[in-house]
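The values are calculated or read from the model by the stated rules, or taken from the named source; none is laboratory data. The shown structure was predicted, so the numbers you read here are calculated from the model rather than taken from an experiment. Because the Cβ atoms are built from the backbone with ideal geometry, glycine has one as well, and the counts that use them run over all protein chains shown. When the accessible area is computed, the model is the full protein with side chains, heavy atoms only, and any ligands, DNA or RNA have been set aside. Shrake-Rupley method; radii C 1.70, N 1.55, O 1.52, S 1.80 Å.
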Amino acid sequence: KLAAEFPSEDIFLMTASPVIKAVTNFKQVSKTLEEFDVEEQPSSLLEKRYPNIRVIQSGVKQLKSDEHKIYTEDGKEYMYEKLCLCAGAKPKLIVEGNPYVLGIRDTDSAQAFQKNLAQAERIVVVGNGGIALELVYEIQGCEVIWAIKDKAIGNTFFDAGAAEFLLPKLSAESRETPMQCKRTKYTVEGSEEKARPTGTPDKLGSALGPDWHEGLHLKGAKEFSHKVHIETLCEVKKIHLQEEFIQLQQTSLTFPKGEKNVEADEVLWPVYVELTNGKIYGCNFIVSATGVVPNVEPFLDGNNFAVAEDGGLKVDKHMHTSLPDVYAAGDICTAAWELSPAWHQMRLWTQARQMGWYAAKCMAADALGQSIDMDFSFELFAHITKFFNYKVVVLGKYNAQGLGSDHELLLRCTKGHEYVKVVLQNGRMVGAVLIGETDLEETFENLILNQMDLSAYGEDLLNPDIDIEDYFD
């Protein structure tokens, strides 16, 4: 976007990774909903398309904002007029430095995971967001103990009702053939041939896109397809290596067969997870899918950034940080402007793309001394994804975020087919969750945006015999 706005200026893209993530197959589904694929491409493609872009492949060692300088790890320095920090976030690991704990956030960690899974008979997955949901659904031939701190699965994206709707898919033995995936498979160009330089396993790869598990062969060592046991309302208390566990003289549990059937495990596992509910399970390894923390480390030293409570760099409504000429976008930043009532920040690909595009517009407007309006994409939270092979659309305050008890819910659910939930406040729609092919997203988006009073319709709003799209056309 910057290269297009300033065709005669030099634009430097600094990245520690040999590839760039490109948005392809972009489709505007409705006013605020967008679908796209994320593809890894060699950075030379970007330089070919925009002659004024130079990709500098090196990590950043230090930012000296008072001198308008960036120092890279390969010992060079670069001056900037304007700078936008888009360094994303890194996985929030339950413990650092344990070889049996894998964080999944990028394509490199996904490959490491696949290698480990081939020999695994049991793994423990910790976390309840999008990546954890995808993982437990896709893994076959391996026992999965899934530890979540909430009462129900998928808490970041939907409520207990939607979780109940999805659960039968987890226990289904036979898997329907997944629908043809139109999105691209990720391969890191040339990464197989070049061994990774030793001593850099902690270098962050680029974040996964929406279909990261496609084309990964997620199959464990055993022959059955699906075995998932969910431990709710618990977190990891401690992780014991095999020797420590033997010294503890505690009992670990076998994979639960029924509610009452809790047996001691005779097998010796490489690593043991002790949960806060007192249960201990042995496993081959642990997947930490417990969210991300903004990757601000390289930039804080010697710079007086305003940092938000969640660790992100605070940005105003023009994506400006608290330092002159420094902007931020995506997972590294935290929206510190007065938010629209139907929008909230979530560290997702869709928002990263919107923020990056809007930050470029703001940088251009500042440079040219023009004023700029807030981008429309920050009016309404809208995200489209896929879980357990269902299309999932979440709009506005879909989980009644911040509404307290001042709201009501309308539900419509057809087992195995669709789940529709609407959040109303004072008779007006403020959020919705749509699972399955409901075709209601555009109608509901408009109803949330135009805040029409729906109290006259009552329960009929979700009556399957009334064609609501036509009604509100």
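Could you run through region 57-68 and say how many residues are in contact (Cβ under 8 Å) with a residue 60 or more places away in the chain and either assigned to a strand (DSSP E or B) or hydroxyl-bearing (Ser, Thr, Tyr) (or both)?
6
Where the second residue is surrounded by fewer than 14 Cβ atoms within 10 Å (Cβ to Cβ) and acidic (Asp, Glu) and the first is in the same structural domain as Leu268 (by the TED database) and lies in region 239-254, which pairs have Cβ atoms under 6 Å and are six or more apart or on separate chains?
These pairs meet every condition: Thr254/Glu263.
So for region 429-440 (the condition being within 16 Å of Phe381 (Cα to Cα) and acidic (Asp, Glu)), does at least one residue qualify?
Taking every residue of region 429-440 in turn, none turns out to be within 16 Å of Phe381 (Cα to Cα) and acidic (Asp, Glu).
Return the total of residues in region 24-56 being open to solvent by less than 60 Å² (accessible area, probe 1.4 Å) and either assigned to a strand (DSSP E or B) or among the hydrophobic types (A, V, I, L, M, F, W, C) (or both).
In the first step, residues of region 24-56 are kept if they are open to solvent by less than 60 Å² (accessible area, probe 1.4 Å); the result is 24, 29-30, 32-44, 46, 52-53, 55-56.
Subset that is either assigned to a strand (DSSP E or B) or among the hydrophobic types (A, V, I, L, M, F, W, C) (or both): 24, 29, 33-42, 46, 53, 55-56.
Qualifying residue count, region 24-56: 16.
Looking only at region 75-82, decide whether some residue is of a type in the set (A, V, I, L, M, F, W, C), modelled with pLDDT of 90 or more and surrounded by fewer than 18 Cβ atoms within 10 Å (Cβ to Cβ).
Step one: filter region 75-82 for residues of a type in the set (A, V, I, L, M, F, W, C), giving 79.
If we keep only those that are modelled with pLDDT of 90 or more as well, we get 79.
Checking the rest, the ones that are also surrounded by fewer than 18 Cβ atoms within 10 Å (Cβ to Cβ) come to 79.
Scanning region 75-82, I find at least one residue that is of a type in the set (A, V, I, L, M, F, W, C), modelled with pLDDT of 90 or more and surrounded by fewer than 18 Cβ atoms within 10 Å (Cβ to Cβ), so the answer is yes.
Can you name the number of the only condition in (1) modelled with pLDDT of 85 or more; (2) open to solvent by 20 Å² or more (accessible area, probe 1.4 Å); (3) among the charged types (D, E, K, R) that Glu138 fails?
Condition not satisfied by Glu138: (1).
For region 141-173, which residues satisfy the criterion of being open to solvent by less than 10 Å² (accessible area, probe 1.4 Å), small (Gly, Ala, Ser) and assigned to a helix (DSSP H, G or I)?
Of everything in region 141-173, those that are open to solvent by less than 10 Å² (accessible area, probe 1.4 Å), small (Gly, Ala, Ser) and assigned to a helix (DSSP H, G or I) turn out to be Ala162, Ala163.
For every residue, the table says whether it meets (1) surrounded by fewer than 18 Cβ atoms within 10 Å (Cβ to Cβ); (2) in contact (Cβ under 8 Å) with a residue 60 or more places away in the chain; (3) not charged (D, E, K, R); (4) not in a strand (DSSP E or B).
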position	(1), (2), (3), (4)
Cys413	yes, yes, yes, no
Gly416	yes, yes, yes, yes
Tyr419	no, yes, yes, no
Ala456	yes, no, yes, yes
Asp460	yes, no, no, yes
Asp465	yes, no, no, yes
Asp470	yes, no, no, yes
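Specify the residue that is nearest to the chain's Cα centre (by Cα); the eligible residues are those in region 90-112 that are among the hydrophobic types (A, V, I, L, M, F, W, C) and either assigned to a loop (DSSP other than H, G, I, E, B) or modelled with pLDDT under 90 (or both). Quick ask: steps written out before the conclusion?
The first filter runs over region 90-112 and keeps only residues among the hydrophobic types (A, V, I, L, M, F, W, C), leaving 93-95, 101-102, 104, 110, 112.
Then drop every residue that is not either assigned to a loop (DSSP other than H, G, I, E, B) or modelled with pLDDT under 90 (or both), which leaves 93-95, 102, 104, 110, 112.
Working: Leu93: 15, Ile94: 17, Val95: 20, Leu102: 16, Ile104: 10, Ala110: 14, Ala112: 19 Å.
Per the stated criteria, the residue is Ile104.
What number goes with the only condition from (1) at pLDDT 90 or above; (2) touching a strand residue (DSSP E or B) at 6+ places or on another chain (Cβ under 9 Å) that Ala22 does not pass?
(1)
Out of region 441-454, which residues are in contact with a strand residue (DSSP E or B) (Cβ under 9 Å, 6 or more places away or on another chain) and in contact (Cβ under 8 Å) with a residue 40 or more places away in the chain?
Glu441, Phe444, Glu445, Ile448, Leu449
Within region 357-373, which residues are open to solvent by 30 Å² or more (accessible area, probe 1.4 Å) and in contact (Cβ under 8 Å) with a residue 60 or more places away in the chain?
Restricting attention to region 357-373, the residues satisfying the condition of being open to solvent by 30 Å² or more (accessible area, probe 1.4 Å) are 357, 361, 366-373.
Scanning region 357-373 gives Trp357, Lys361, Asp366, Ala367.
Could you tell me whether Glu34 is free of Cβ contacts under 8 Å to residues at least 60 places away in the same chain and either outside the structural domain of Asp301 (by the TED database) or of a type in the set (Asp, Glu) (or both)?
On the way: free of Cβ contacts under 8 Å to residues at least 60 places away in the same chain: no; either outside the structural domain of Asp301 (by the TED database) or of a type in the set (Asp, Glu) (or both): yes.
No; evaluated as a whole, the condition is false for this residue.
Glu379: among the acidic types (Asp, Glu) and surrounded by fewer than 17 Cβ atoms within 10 Å (Cβ to Cβ), yes or no?
Against the criterion (among the acidic types (Asp, Glu) and surrounded by fewer than 17 Cβ atoms within 10 Å (Cβ to Cβ)), Glu379 does not qualify.
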